[in-house]
Amino acid sequence: MSENASVVFFMKQTEERQELLKHSFANTSFYFPDKKGVPNDQILKTADVLVTFGDDITESLVSKAPLLKWIHVMSAGIEGLPLRLLHDRGVLVTNSRGIHAEPMSEHAIWAMLDYVKHATRYRMLQQNKQWDKSIKPKELTGMTAVFLGTGAIASKTAERANMFGMRTIGVNTDGRPQKHFEQTFSMEEWDKALRKADVLINILPYTEQTHGILNKEAFRQLKGHTVFINLGRGKSVVETDLLDALKLKQIDHAYLDVFAEEPLPLDSPLWDDKAVTITPHVSAATSHYMKRALDIFMENLKAFINNEDLKNIVCFEKGY
């Protein structure tokens with residue numbers, strides 16, 4: 001690949017970041033939109049590289065970019081991309097996995113602390129000027145956190161959970177050991193892990209295999225009064241089964257950041273369930289996000305120009 005690459009961004013970048021890119025890659029041409037939107041056909045016609053969040057790349061758009069060789073997604077999820085077409089076209093896809101570990105692990109720790117220390121209930125008491133000492137805080141110490149997925153986010157969360165004296169168990173494809181987990185199980189044996197969970201944290205990617213995987217049968221395996229934290233994908237959860245599990249106290253409280261449909265519809269019963277805490281898909285949000293994502297892209301762009309191996313290449317067969 002020559003240095004005369006044409007790179008099209010689908011999201012705004014600050015003037016400072018634009019200048020950094022232009023200075024770092026002097027012979028590369030960059031297109032930055034005034035606002036998030038689709039570049040015109042003439043710009044797409046010359047594009048070698050597209051930089052996107054992944055939800056704005058359609059088959060029609062790809063067909064307008066005959067020179068396209070590589071798409072970099074500035075997030076981890078790639079399920080919105082036309083993967084079959086990109087595979088057939090031989091277009092390389094990379095993502096920004098790994099940058100979410102810090103904010104999402106903090107979000108998970110916040111949820112666990114909120115639960116054991118009754119933070120939300122104390123806030124409500126304060127608003128009503130009530131002095132109620134009957135609520136007894138608990139501890140994370142000695143609790144078992146089970147992680148569905150053992151990647152960077154889960155590993156960082158497990159590391160921090162260990163600092164609170166928690167036991168950590170991971171579930172991944174083949175049960176391979178991973179750092180910061182006392183024990184790991186394969187997906188085929190995940191029921192053994194579910195039965196141990198005081199806290200169940202879903203960080204699985206969305207694939208055909210994970211669609212609806214957290215359903216009535218899965219929740220039935222829980223020991224009861226489990227805390228459920230979903231930071232993975234909303235479509236991994238059968239929401240009606242989750243509501244039933246809450247009623248049966250298989251799950252004591254659910255902290256949900258992702259949903260099958262987003263924004264969460266106003267008529268969803270999840271809004272009104274007192275055993276549910278909702279956040280609007282913000283667990284990965286951070287003031288450091290774009291810098292971290294851009295660092296990965298710039299490293300990959302240098303490799304792309306020099307015909308070297310890129311990092312975070314997406315496996316089309318696995319879907320992540």
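The values are calculated or read from the model by the stated rules, or taken from the named source; none is laboratory data. Nothing here was measured: the structure is a model prediction, and the numbers come from that model. Counting neighbours? That spans all protein chains shown, and the Cβs are built from the backbone with ideal geometry, glycine included. We work out accessible area using only protein heavy atoms, side chains counted, and drop any ligands, DNA or RNA first. Shrake-Rupley method; radii C 1.70, N 1.55, O 1.52, S 1.80 Å.
Tabulate in residue order the Karplus-calculated ³J(HN,Hα) for region 17-33, using 6.51 cos²θ - 1.76 cosθ + 1.60 with θ = phi - 60°, rounded to whole Hz; enter x for Gly and Pro.
With coefficients 6.51, -1.76 and 1.60, one gets 5, 4, 5, 4, 5, 5, 6, 6, 10, 4, 9, 9, 8, 10, 10, 10, x Hz.
Using modelled amide H (1.01 Å from N, peptide plane; none on Pro or chain starts), what sits under 5 Å from the amide H of T277, excluding residues fewer than 5 places away?
Close amide H contacts, sequence-distant or interchain: A254, Y255, L256.
By the gyration tensor of its Cα atoms, with a ≥ b ≥ c the square roots of the eigenvalues, what is the shape of region 1-70: rounded for a/c under 1.5, prolate for a/b over b/c, or oblate?
It comes out oblate by the Cα gyration axes.
Which of the three applies to region 29-87, rounded, prolate or oblate, going by the alpha-carbon gyration tensor with a ≥ b ≥ c and a/c under 1.5 meaning rounded?
oblate
Quick one: accessible surface of H281, probe radius 1.4 Å, all protein chains present, in square angstrom to the nearest 10.
Probe radius 1.4 Å; accessible area of H281 about 90 Å².
Which whole-number percent is the relative contact order of the chain (Cα, under 8 Å, 6+ apart)?
Reported as a whole number, the value is 15 percent.
Got a sec? What order do D273, D114, D34 fall in by accessible area at 1.4 Å, biggest, i.e. largest, first?
Final ranking, largest accessible area leading: D34, D273, D114.
Share of the chain's accessible area from carbon and sulfur, percent, 1.4 Å?
The value for the chain is 51 percent carbon and sulfur by accessible area.
What pairs in K196/K249; K138/K249; K117/K192; K156/K192; K196/K235 have C-alpha atoms more than 20 Å from each other?
Those over the limit are K117/K192; K156/K192; K196/K235.
How much accessible surface area, in Å² rounded to 10, belongs to the heavy atoms of S155 with a 1.4 Å probe?
That residue has around 30 Å² of solvent-accessible surface.
Could you work out how far the C-alpha centroid of region 196-271 sits from that of region 103-130, in angstrom?
A separation of 20 Å, based on Cα centres.
Could you work out the relative contact order of region 1-130? I mean the mean sequence separation of Cα pairs under 8 Å and 6+ apart, divided by the number of residues, in percent.
19
As I understand it, the value is the acute angle between the Cα axis of helix 289-305 and the longest principal axis of the Cα atoms of the chain; what does it come to in degrees, rounded to 10?
Its long axis makes an angle of about 40 degrees.
Tell me the per residue accessible area of region 59-132 using a 1.4 Å probe; a whole number in Å² is fine.
Here the residues of region 59-132 average 52 Å² of exposed surface.
Tell me, what HN-Hα J-couplings in whole Hz come from the Karplus equation 6.51 cos²θ - 1.76 cosθ + 1.60 at θ = phi - 60° for each residue of region 59-65, using x for Gly and Pro?
Ordered by residue, 3J(HN,Hα) equals 4, 4, 5, 4, 5, 8, 10 Hz.
Using only alpha-carbon positions, what ratio does the radius of gyration of region 211-274 give when scaled by 2.2 N^0.38 Å?
Cα Rg divided by the expected 2.2 N^0.38 Å: 1.02.
Treating cross-link reach as a plain straight distance, find the aspartates and glutamates whose alpha-carbon is under 15 Å from the alpha-carbon of K69, omitting any fewer than eight places away in the same chain.
Leaving aside aspartates and glutamates fewer than 8 places away in the same chain, those within reach of K69 are E3, D48, E59, D88, E308, D309.
Compute, for S24, the solvent-accessible surface of its heavy atoms (probe 1.4 Å) with the complete set of protein chains present, and express it in square angstrom to the nearest 10.
Roll a 1.4 Å probe over it and S24 shows about 50 Å².
When Lys and Arg each count +1 and Asp and Glu each count -1, what net charge do the other residues less than 15 Å away from P103, Cβ to Cβ, add up to?
+1
Among the aspartates and glutamates, which fall within straight-line cross-link reach of K318, defined as a Cα-Cα distance under 12 Å, with same-chain neighbours fewer than 8 residues apart omitted?
E79, E208
With the Cα gyration tensor of the chain giving a ≥ b ≥ c as the square roots of its eigenvalues, does the rule (a/c under 1.5 for rounded; else a/b larger than b/c for prolate; else oblate) give rounded, prolate or oblate?
prolate
Return the sequence-ordered ³J(HN,Hα) values of region 172-177 in whole Hz as given by the Karplus equation 6.51 cos²θ - 1.76 cosθ + 1.60 applied to θ = phi - 60°, using x for Gly and Pro.
Karplus-based 3J(HN,Hα) across region 172-177 equals 9, 4, 10, x, 5, x Hz.
Only four residue types carry charge here, +1 at the Cβ of Lys and Arg and -1 at the Cβ of Asp and Glu. Report the dipole size of region 65-197 about the Cα centre in Debye, rounded to the nearest 20.
440
Taking all protein chains together and a probe of 1.4 Å, list F9, F25 from the most accessible to the least accessible.
F25, F9
Among H288, T52, L113, flag the residue with its Cα farthest along the positive direction of the charge dipole of the chain, charges on Cβ as +1 for Lys/Arg and -1 for Asp/Glu.
The one lying farthest along the dipole's positive direction is L113.
Hey, with R₀ at 30 Å, roughly what FRET efficiency would E19 and E79 work out to, going by the Cβ-Cβ distance, to 0.05?
Computed FRET efficiency for E19 and E79 comes out at 0.35.
Could you state the accessible area per residue of region 165-265 in Å², with a 1.4 Å probe and every protein chain left in place?
Per-residue accessible area for region 165-265 comes out at 45 Å².
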